[in-house]
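Heads up: the structure comes next, in structure tokens.
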Amino acid sequence: MFKENSPVLFAVDAQLIDWITRIRRHIHAYPELSFQEYETASFIEGKLRELAVPFTRGVAGTGIVADIGASEKPVAVALRADMDALPVNEETGLSFASRRPGSMHACGHDGHVAMLLGAAALLVRQQLPGRVRLLFQPAEEHGNGGERFVDAGVLEGIDEIYAGHIDTHYPLGTATIDEGIICAWADPFSVRIKGSSGHAARPHEAVDAVVAAANMVMSVQTLVSREVDPNRAAVITIGSMEAGTAQNIIAGTALLKGTIRSTHCQTRKSTIGGLKRIAEAIAGMYRVEVDLRFMGAIPAVSNEKRTVENARIASSRTPGLRGVVSQGAPSLGAEDFAFYQQKIPGCMVRFGSAPSHAAGVAHSSTFDFSEEVLALGASWYANVAWQALSRLADGDS
């Protein structure tokens, strides 16, 4: 067990709560999709200027990297927040609901940005035992914003990294902190099926891509139900199917798009292999060409032991966080925070934020969370940075 290395305890006062709440509501009202977060970035830059925090703009397109603390300090940690929205038409009825039809902050990223700016406001008030790097990352929903940030060199000179995610499955005042895998591998794929078109009344003159595609959609479901160990979670979802132009024309091509989620290496390997096998079988069975492609896999999020302990200590020092709980089995959701963890030790936690009012789940048009979580997240970010820096500065690696 690590010791608590510092008497400093970061707490958010009423003035700062008001500041970060207004930040969240502004960003929520003006959502921007992945790699289009130009106005969001400009808004964040303005807030960093208010705090006199130096930053670099335009990282990986729209991202921002800011540093607090002396650059000559030998230890440094990073705190990450994502800032993109989803292509969802908001139906919450909130007074600060999205003013941009077809775009919505339906996953809490508006809150993540507000929390990290709140942490910055707390950290600039202290003489830090090291350097804190703030990462305002684009395109988490796209799946590769984190990878592009890493490729841009944002982790150079950084020892550890931390992040939090708002989660309405858990009560306000709790945080989930687990060692090991907490989010799944994600393997997005596409399947292009090519037959030959023809008249609907003369199917023998054509090769029907729709029939082949429909069979493939049904066949892949057996990979999980009959070939995956039921003690190891996995899922295959076909989220999109495009084919045909008219009711009296047999479709010559079909395009399927989907994703595989898995939480075990062998399960992932066998499921990918099974999908390839089914694609080959469909090609032979229906006399079609099948082009299966995998695009941009996202690794599993796996929390490292030392950073988990820091996160737990920081939680015990965060006012309003009443308890740390386990999320249980790993989520089959994916998170590109995993790309950072492939380079340096890191930990992602979930902030319980179940609202007292009726609201939809994440990625839905009625998603919302309790804004009281903003103060908890801001305080936790500051506390975990201090705890990690103090430990690293003491030479406890």
Taking N as the number of residues in region 185-294, the ratio of its alpha carbon radius of gyration to 2.2 N^0.38 Å works out to 1.14
Here, residue 71 and residue 52, labelled 7 Å along Cα→Cβ, have an inter-label distance in nm of 1.8
In whole angstrom, the spacing between the Cα centers of region 24-62 and region 225-267 equals 36
Given 37 °C, 0.692 mPa s and a Kirkwood radius over Cα pairs, the Stokes-Einstein diffusion coefficient of region 271-397 in µm²/s is 179
Highest mean packing first, using Cβ neighbours within 10 angstrom, the peptides 134-141, 106-113 sort as 106-113, 134-141
In terms of the alpha carbon gyration tensor, root eigenvalues a ≥ b ≥ c, rounded if a/c is under 1.5 and otherwise prolate when a/b exceeds b/c or oblate, region 74-168 is oblate
If every Lys and Arg gets +1 and every Asp and Glu gets -1 at its Cβ, then about the Cα centre region 159-227 yields a dipole, in debye to the nearest 20, of 720
In terms of the charge dipole of the chain, which places +1 on Lys and Arg and -1 on Asp and Glu at the beta carbon, the residue among 345, 220, 52 farthest towards the positive end is 220
Excluding residues fewer than 8 positions from residue 276 in its own chain, the aspartates and glutamates with Cα under 16 Å of it are 187, 227, 289, 291
Of 316, 71, 379, the most mobile residue in a GNM of the chain (C-alpha springs, cutoff 10 Å) is 71
Residues whose built amide H sits under 5 Å from the amide H of residue 335, excluding neighbours closer than 5 in sequence, are 301
Per the charge dipole of region 185-294 (beta-carbon charges, Lys/Arg positive, Asp/Glu negative, Cα centre), the residue among 210, 196, 186 reaching farthest to the positive end is 186
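If we count other beta carbons within 10 Å of each Cβ, what is the order of 384, 150, 12, fewest first?
Neighbour counts put them in this order, fewest first: 150, 12, 384.
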Neighbour-count ranking for 368, 291 (other C-beta within 10 angstrom, fewest to most) reads 291, 368
As straight-line cross-link partners of residue 343, the qualifying aspartates and glutamates (C-alpha separation under 14 Å, not fewer than 8 residues apart within one chain) are 147, 151, 156, 159, 160, 304
Candidates for semi-axes √(5λ) of the Cα gyration tensor in Å are (1) 43, 23, 19; (2) 38, 27, 18; (3) 52, 22, 17, and the calculated one carries label (1)
Each label sits 7 Å from Cα toward the beta-carbon; between residue 266 and residue 361 the label points are separated, in nm, by 3.0
Expressed to one decimal in nm², the mean projection of the alpha carbon convex hull of region 1-92 is 9.2
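Taking other Cβ within 10 Å of each residue's Cβ, how do 204, 363 sort, fewest first? Working shown, then result.
Numbers: 204 6, 363 13.
So the ranking, lowest neighbour count to highest, is 204, 363.
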Listed by chain and number, the residues whose amide H is under 5 Å from that of residue 346, excluding neighbours fewer than 5 places away on the same chain and using placed H, are 161, 304
Placing each pseudo-label 7 Å from Cα in the direction of the beta carbon, residue 291 and residue 354 end up separated by a distance in nanometres of 4.8
Taking alpha-carbon centroids only, region 88-165 lies from region 321-380 a number of Å equal to 12
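Taking the Cα centre as origin and putting +1 on Lys and Arg beta-carbons and -1 on Asp and Glu beta-carbons, what dipole magnitude results for the chain, to the nearest 20 debye?
440
How long is the gain from residue 89 to residue 18 if the chain were fully straight, where each residue apart is worth 0.36 nm and the alpha carbon distance is subtracted?
Values: separation 71, 0.36 × 71 = 25.56 nm, distance 2.71 nm.
Net length gain for the segment: 22.8 nm.
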With Cα springs under 10 Å, the Gaussian network model of the chain assigns the largest mean-square fluctuation among 115, 218, 241 to 218
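A short reminder: the numbers here are calculations on the coordinates, not readings from a lab. Computed from a predicted structure; not experimentally measured. Cβ atoms come from the backbone with ideal geometry, glycine included; neighbour counts cover every protein chain shown.
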